[in-house]
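Following: one structure in C-alpha cells, then a few remarks.
Coordinate-derived values only; no laboratory data. Being a predicted model, the structure only gives us computed values, none of them experimental. Methodologically, a virtual Cβ is constructed for each residue, glycine included, from the backbone with ideal geometry; neighbour enumeration extends over all protein chains shown.
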Amino acid sequence: MYYYVKKYFRSILTSIVLVISLVMTIFTTINVARINSIGDSTDTNKKIGYKYSIDFRVHKINMEESENLEYEDTIDDLNESIVKEFSNNDFIELLSIFSCNTIQYVEMNAGEGVSKTDVEMYIGNSEIIELPLVKGTIDFEVDKLVAVIGNDLVDYVYEENNKEMINLNDIPFEVGGVLKTTSPSGKDNRIIVSYENMKRFLQDYQLDRIVNYDYFPEYCVCTNDSEMKLESDLEKINEYLNSVNCYFEIDEVARMMDIEYLYSVIGKNVVKLINIVCFFNVFLVVLIWIKHKNKEFAIRKTFGYSTLRIYGQVIYEYMKCFVLAVILSVILQIIYSFIKSIPLDLSIYVSNGNIKTIIYTFVILIVELLVNVLYISKIETINGMKSK
Amino acid sequence: MIKLENIVKTYGSKENRTYAVNEVSMNIDDGEFVSIMGKSGSGKSTILNIIGCIDSATSGTYYVDDICVSDMSIGKRKKFLRENISFIFQDFALIDDYTVYENIEVPLIAKGKSRKEKKATIKKYMNMMGIEKLARKYPNQISGGEKQRCAIARALASGNSIILADEPTGALDSENSKNVIEILKQVNKLGKTVIVVTHDINVANATNRIVKLKDGRIVE
C-alpha cells in the first residue's frame with residue numbers, strides 16, 4: 001500500500017499538502033461560482049448555503065389609479081412595477097412561466113353552454129375553497145381533470161364509466177362538486193378547475209379578459225424555491241410586464257430579515273476572500289513543494305537532464321495532484337450540497353459567467369505552477385546536491 | 001583521454017579572489033583508475049566537478065578525446081555529460097522518493113532508452129551489485145553500503161565511459177569501504193575510466209595513479 005501511495009505521490013507529505021490546498025481553492029471557487037450565479041441582487045436576499053424560498057405576488061393595479069401615476073413614480077413607489085396594456089393570453093403564458101404553485105383553482109363563467117370560447121375567468125386564491133357546495137368537494141387533486149360546476153351547468157352533465165362528466169371546450173372533466181346556488185343574480189354558471197388543468201384547458205382557448213380584480217386583487221402568488229430560477233423568472237416577468245400595456249406591481253411576500261441579509265453579504269465576501277487566500281496558499285505550497293525537490297533536480301542535472309525535461313516532470317506530478325484535487329473537490333461539493341440542501345444543478349456552475357470563473361481559476365493555478373517552475377532553472381547543481 | 005590544461009577556478013571579486021584550483025594540468029588515459037588526494041579545500045572536488053561538467057573553470061581548457069569540452073554551450077555540455085560521464089557521491093545522491101529500481105532508472109530515462117532496455121540494464125547491474133532484492137525498497141529502508149552499491153549500479157547503468165567518484169567511502173564503515181573499493185576496481189576492469197576523489201589513503205592505494213593536490217595545485 002505504502003509502495004503504491006508513494007509511487008503515485010512521490011513525496012507523500014508535500015503532495016498531500018498540495019492536494020489539500022488545491023481542493024480548498026477549487027472548492028471555494030466552485031462556491032464563488034455558485035454565489036455568482038445567485039447574482040448580487042439585494043432584492044432576492046439569498047443566504048449562502050441555504051435553500052431559500054421567496055414568495056412574490058403580481059398585482060394588477062387599478063387602472064384608474066394607474067392613469068394618475070407618473071412612470072418615474074411607478075418605478076420608485078412600486079419598485080418592480082411597470083406595464084401598459086394587458087393581454088390575457090400573455091398573462092396565461094406568464095403564469096406558466098411562473099410555475100405557479102399557489103394558485104390552484106381557476107374560476108370562470110361559462111357563457112352559452114360550456115363550450116363557448118367567450119368566458120369570464122377568475123383566477124382566485126384559497127378563498128374559493130370556502131365556497132358552499134351542494135355536493136362533492138372542492139378539494140380535488142390539482143393535476144386531475146376534475147371541475148366543480150355551478151348549478152346552472154348541471155344540465156350539461158352526463159355519465160360515463162359511472163362518473164359524472166362535463167365537457168369544457170370539448171375536453172371531458174369529471175364533476176367533482178356542484179356549487180350551491182348563491183342568489184337569483186348569482187354566478188351559477190361558474191366552473192372551477194385546478195390551475196394546472198386550466199393551463200391545459202386554455203391551450204386552444206381565447207379569453208377576452210380577466211375580470212373581477214377588485215374582488216380578487218391578487219392575481220397570483222408565486223413561490224419560487226429554486227435559487228437559479230428566481231433571477232431568470234424575475235427577469236422574464238419584468239420583460240413581460242414591460243412589453244404589455246398594463247400596470248402591474250410585483251412585491252415580495254416573504255422577505256428575509258435585514259440582519260440575515262447582512263450575514264449573506266458578509267458571507268459572500270468572506271467566501272471570495274477565502275478563495276483569494278487559497279490561491280496565495282497554493283502558490284506558497286507549490287514553491288515549498290519545488291524547493292523540497294531541490295536535491296532531486298540537482299541529481300537529475302548531474303545525469304544530464306535538461307531543465308525543460310525537469311519542468312515537464314514537475315508539471316506532470318503537479319497535474320496528478322491537480323486531477324485528484326478536482327475529483328475530491330467535486331465530491332466535497334456534492335456532500336456539501338446534500339448537507340446544505342443546495343440544488344445539485346450543473347447549470348448553476350456552468351452558466352456563462354461561471355465558466356469564466358472556473359477557467360480563470362485553472363489558468364491562475366497553472367500560472368502559479370509555471371512561475372514557481374522557473375525557480376528550477378536557478379538551481380545550481382553543486383548547491384542543489386548539498387541541500388537536504 | 002581526459003586532458004586538463006591550465007585549469008583555474010577562482011571565487012570572489014578581484015580584491016578577495018580565492019583560488020580553488022590554480023593552473024592545474026593533467027592527462028588521464030582511457031581506462032585508467034586515478035585517485036585525486038588532498039586535504040579539505042585543496043580543490044580536488046572542484047576539479048572533479050569541472051571534469052564532470054557540473055562546474056565550469058574560470059580559465060583553462062578541458063578536452064575529452066580531443067573534443068574541447070570547456071568551449072561547449074550549456075546544451076551541448078549537458079548532452080556530453082549525459083553520454084559520457086557518471087557520478088558517484090559521498091552521500092550517495094539517491095532520490096528519496098524513488099525506489100532503488102527507479103533510482104537506477106534515472107540516467108536511462110535521460111538517455112531515452114526503451115522500457116525493455118531499461119529493465120534489462122537495471123536487472124543486470126542490480127545483480128552485479130547484489131541488490132536485486134532491494135528493487136522496491138526506498139533509500140530510507142536500506143543500509144549505507146546498499147545505498148552506495150545502488151549509486152554505483154546507477155552510474156554503471158548509464159553505460160558511460162567515465163566514472164567520477166567523490167569520496168565514495170566517506171560515509172561508510174571500513175567493511176563497506178573495502179567492498180566499494182573492490183567494486184570500483186571491477187568497474188575499472190570493465191574498461192571504464194574511474195577518477196576517485198578521496199582523502200582516504202586506502203582508497204588511493206587501490207588506484208593505479210595518485211594525484212596529490214595542495215592549495216589548488218598539483219604537488220605530486
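Some points to look at:
- Chain B - share of DSSP beta bridges that are antiparallel (%, nearest 5): 45 percent
- Which listed pairs, of A:K301/B:K14; A:K295/B:K118; A:K386/B:K44; B:K178/B:K212; B:K78/B:K113; A:K295/B:K79, have C-alpha distances above 25 Å, in listed order: A:K301/B:K14
- Above 29 Å, the calculated P(r) of chain B contains 26 percent of its Cα-Cα pairs.
- Remark: chain B carries a charge dipole of roughly 720 debye about the Cα centre, counting +1 on each Lys and Arg Cβ and -1 on each Asp and Glu Cβ.
- For region B:98-161, the spread of Cα coordinates along the three principal axes comes to 30, 22, 17 Å, biggest extent given first.
- GNM top mover of B:I162, B:I195, B:I67 - chain B, alpha-carbon springs below 10 Å: B:I67
- Among A:I166, A:I12, the ranking by other beta carbons within 10 Å of each residue's beta carbon, starting with the fewest, stands as A:I12, A:I166.
- Most fluctuating residue given options B:A155, B:A135, B:A120, as computed from a GNM of chain B linking Cα atoms under 10 Å: B:A120
- In chain B, a dipole from Cβ-located charges (positive for Lys and Arg, negative for Asp and Glu) runs towards its positive end, and of B:S59, B:L134, B:N84 it is B:L134 whose Cα lies farthest in that direction.
- For A:E164, the residues whose modelled amide H falls within less than 5 Å of its own, excluding neighbours fewer than 5 places apart on the same chain, are A:V175.
- Value of relative contact order over chain B, rounded to a whole percent, pairs C-alpha under 8 Å and six or more apart: 32 percent
- Judged by the mean number of other Cβ atoms found within 10 Å, the most tightly packed of the peptides A:379-385, A:157-163 leads the ranking A:379-385, A:157-163.
- Put in order of Cβ neighbour count within 10 Å, fewest first, the listed residues A:T25, B:T58, B:T121 become B:T58, B:T121, A:T25.
- Fewest neighbouring Cβ atoms within 10 Å first, the residues A:Y318, B:Y101, A:Y156 line up as A:Y156, B:Y101, A:Y318.
- One quarter of the convex hull surface built on the alpha carbon atoms of region B:151-220 amounts to 5.0 nm², the projected area averaged over directions.
- Debye-sum result for region B:1-129 in log10 I(q)/I(0), which assumes one identical scatterer on each alpha carbon, at q = 0.13, 0.21 Å⁻¹: -0.69, -1.29
- Shape index of region B:20-63: Rg/Rh, with Rg the Cα radius of gyration and Rh the Kirkwood radius from the inverse mean 1/r over Cα pairs, equals 0.93.
- Spin-label pair B:I210/A:L346, simplified geometry with 7 Å Cα→Cβ offset, distance in nm: 7.5 nm
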